[in-house]
Every structure is written in C-alpha cells, then in structure tokens.
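Readers should treat all values here as calculations from the given coordinates under stated rules, not as data from a laboratory. What you see is a predicted model; the values in this text were computed from it and never measured. No Cβ is skipped: glycine too gets one built from the backbone with ideal geometry, and neighbour counts run over all protein chains shown.
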Amino acid sequence: MYDIIIVGAGPAGLTSALYALRAGKKVLVLEAKTYGGQIINAHNVENYPGITSISGFDFATSLYNQVKALGLEYKNETVIKIDENKTLVTNKGNYEAKAIILATGAENRKLNLQNEKALTGKGISYCATCDGNFYKNKIVAVAGGGNTALEDAIYLSNIAEKVYLIHRRDEFRGEQKYVEELNKKENVEFILNTNIVNLNGNDKLESIDIKDNTGNINTLNINGLFIAVGQEPKNEIFSNIINIDKSGYIKSDDGVHTNVQGIYVAGDARVKDLRQLTTAVSDGSIAATTAIKEM
Ligand code: NAP
C-alpha cells in the first residue's frame, strides 16, 4: 500500500512526487514511456521563471534526478485501468494507494506527415510560446484553425517577419475576436481550404507543400512551422469512474479534485485554459499537498 501513486512522470507528476516525498510519504510513479512528458521535446525553455534558458531534456532530467534522490519508486509500466475499488491495474501488476494523482498529460496532435518527427525541433514546433522567439524576422506558418492556432499566429506576428495561417476549412473554429485581430495585421496571410501535404528539408525545415481543395499544390518557403491542430489527452481508460469532457480532459470543479474521492488530477490532463510548464508544476504541487491534507 502506497500513500500516493502518481500516474505520469511529466512535470506535473514529478512535481507531485517531489512534494509528497518531501512530506515523508511513500510514493510510486507509474509512467508508460519515459520521464519528462511533452517538455522533453522542447528545444529550449525560456519562459520558466528564474531559468533564463534550458533545454526541455535538461529540465526534465534535472527534475527527475531531484525526485529520484529523495527515494522515488518509479516503474515503467502502462496503466490499463483503475477499478471500482481504486486499484490501479497496469500491464505488470496491481497497485493500491491512499491517494491517486492523475498527471497523464496530453499529446499534441500530429499532422502525421513524413519527416514530421525528424524535423521537430528543427523548424517544426508545437509550441509558439516556447519556440517563437527563435524566429525573429523570419517566415513562419501556423497550421490549425482553433484558438491555439489563432493565438499562436497573433503571438508570432509580433516576432516574425511574415506569418501564414494555414487552415483546412474556410471557417475558423476559434473565436472571431482573434480572427478580427489577425485581419488587421499586415504581416499575416490566411491560406484557407488548404492542407499541408509535404514537409521538405533534411537537417532543417526549408519549405512545405500545400494543397488547396481544388487540388492545386504550391510550395511555400518558410523557416518555421507551428502545428496547432489540437491536443489528444489519453484519459479514456479512466472513464469508467472519472468524469472526462468530450475532448477527453479530466473534469475538475476546482482544478485538483476529480469526481472520485481520493483521486486527484494535475497538469495538462485536466480541463484548463493554459497548458504550460509553469501551470503543470503548480498543479503538481497543489495536487500533492491537497492529497496529503485529505489523507
Ligand atoms: P481545437 O479547438 O481542437 O482546434 C484544432 C484545429 O486544428 C481545428 O481548427 C481543426 O480543424 C484543426 N485540425 C485538427 N486536426 C487537423 C489535421 N489533421 N489537419 C489539419 N487541421 C487539423 O484545438 P486548440 O486550438 O488546441 O484548442 C483546444 C481547446 O483549448 C479549445 O477548446 C480552445 O477553445 C481552448 N483554447 C482556448 C484559448 C483561449 O480561450 N484563449 C486558447 C487556446 C485554446 P477543423 O476546425 O476543421 O476541425
């Protein structure tokens, strides 16, 4: 019996572990992949208070080592479900705890194009706030039509020389106020009814091929592509007992409790407005301290 089991070893999960271990609790972290979550892919983190610049890998490794040094028990196992008795079932065993923190994160949806993975961090990014500053006076494109894509385009228009906003339909899913703001920007060009079909470049992104809905294909020379086509949380496995919204995020009235007593949520996995490193670690510390208080 553990005091706290944390599902997910991204910044939210590891910060929960940090606080719980420092409070003297017996803690297990279960992670299906590797520690670090999404931040491990960030080329450079420059918006974490107090740290001018650090690679996502170095940040995650430093946090992991910090927690490991406190005696963290860490298992590389895939959680399959939480049953009605709050037993965590993984691909390798069953675990019980007084409290469970779900810090399963969310993955950026991919375009699933050839080269996408190879060019990530080399011209392709999923986070304008993290990487936008590398494109000062350069030419960039944003893919997507939701609020994230619109906000990314606004953000990048203040940094880059030119921003193409490429969306597969002629209507944006995001809010009109952002569309109006973008319409006023001289360096922003909308490319609608268009899909990106090829990512070109070997060591770095050089251009993209785009295809409109009449079948015309054009090549666009760009320095950076920001893909903002939504997020994919992975919480369906908990839906037998945990309330999740229609997009798959865990619902929480106060940002920490789920609908089940003793099960908490932290980080990108929950319904929230701002998914950033800073808010993930904030969630992690709050989830752990709340769980300990209520144990
Ligand atoms: P989203 O609202 O799900 O939008 C995803 C966009 O990507 C849609 O326009 C979609 O096109 C497009 N898309 C999806 N798959 C694609 C593909 N394979 N190829 C090309 N385009 C694709 O995601 P989001 O913008 O990340 O926002 C997520 C949630 O957070 C939303 O509820 C949003 O309102 C909220 N959010 C709010 C704020 C804010 O209030 N300030 C800021 C950011 C995000 P279609 O439209 O054609 O489906």
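On full extension of the chain, what length is gained from D83 through K204, given 0.36 nm per residue of separation minus the C-alpha to C-alpha distance?
39.0 nm is the gain from fully extending D83 to K204.
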For D273, D209, D268, D245, ascending order of other Cβ atoms within 10 Å (fewest first) is D273, D245, D209, D268
Computed curve, segment 139-212, Cα-only Debye sum without solvent term, log₁₀ I(q)/I(0) at 0.16, 0.17, 0.27 Å⁻¹, is -0.54, -0.60, -1.28
Measuring from its Cα centre, segment 116-227 shows a charge dipole (+1 at each Lys and Arg Cβ, -1 at each Asp and Glu Cβ) which, in debye to the nearest 20, is 180 debye
Least to most buried among R275, R168, by other C-beta atoms within 10 Å and fewest first, runs R168, R275
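Under unit Cβ charges (Lys, Arg +1; Asp, Glu -1), what dipole magnitude, rounded to 20 debye, does the chain have relative to its Cα centre?
Details: 32 positive and 35 negative charges, 116 e Å.
I would put it at about 560 debye.
What does the C-alpha gyration tensor say about the overall shape of segment 243-294? Classify as rounded when a/c is under 1.5, otherwise prolate if a/b is larger than b/c, or oblate. Intermediate results must be reported in sequence, preceding the final value.
Working: a/c = 2.68, a/b = 1.11, b/c = 2.42.
Oblate shape, in that a/c is at least 1.5 and b/c is the bigger or equal ratio.
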Amide H neighbours of I124 at under 5 Å, excluding residues fewer than 5 places away on the same chain, with H built from the backbone geometry, are L205, L225
Spelling it out for N193: with amide H atoms placed in the peptide plane at 1.01 Å from N, the residues 5 or more places away or on another chain with amide H under 5 Å from its amide H are H167, R169, D170
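Sorting Y178, Y164 on the 10 Å Cβ count, fewest up front, what's the list?
Exposure proxy ranking, most exposed first: Y178, Y164.
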Amide H contacts under 5 Å for E73, restricted to residues at least 5 apart in sequence or on another chain and with H modeled in the peptide plane, are V27, V29
Pairs over 28 Å Cα to Cα, from K25/K81; K25/K86; K122/K211; K68/K204; K86/K234, come to K68/K204
Expressed to two decimals, segment 42-139 has a Cα Rg over Rh, using the Kirkwood radius, of 1.07
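DSSP H helices in the chain with Cα extent of 24 Å or more along the helix axis and mean Kyte-Doolittle hydropathy at least 0.0?
Long hydrophobic helices here: 277-294.
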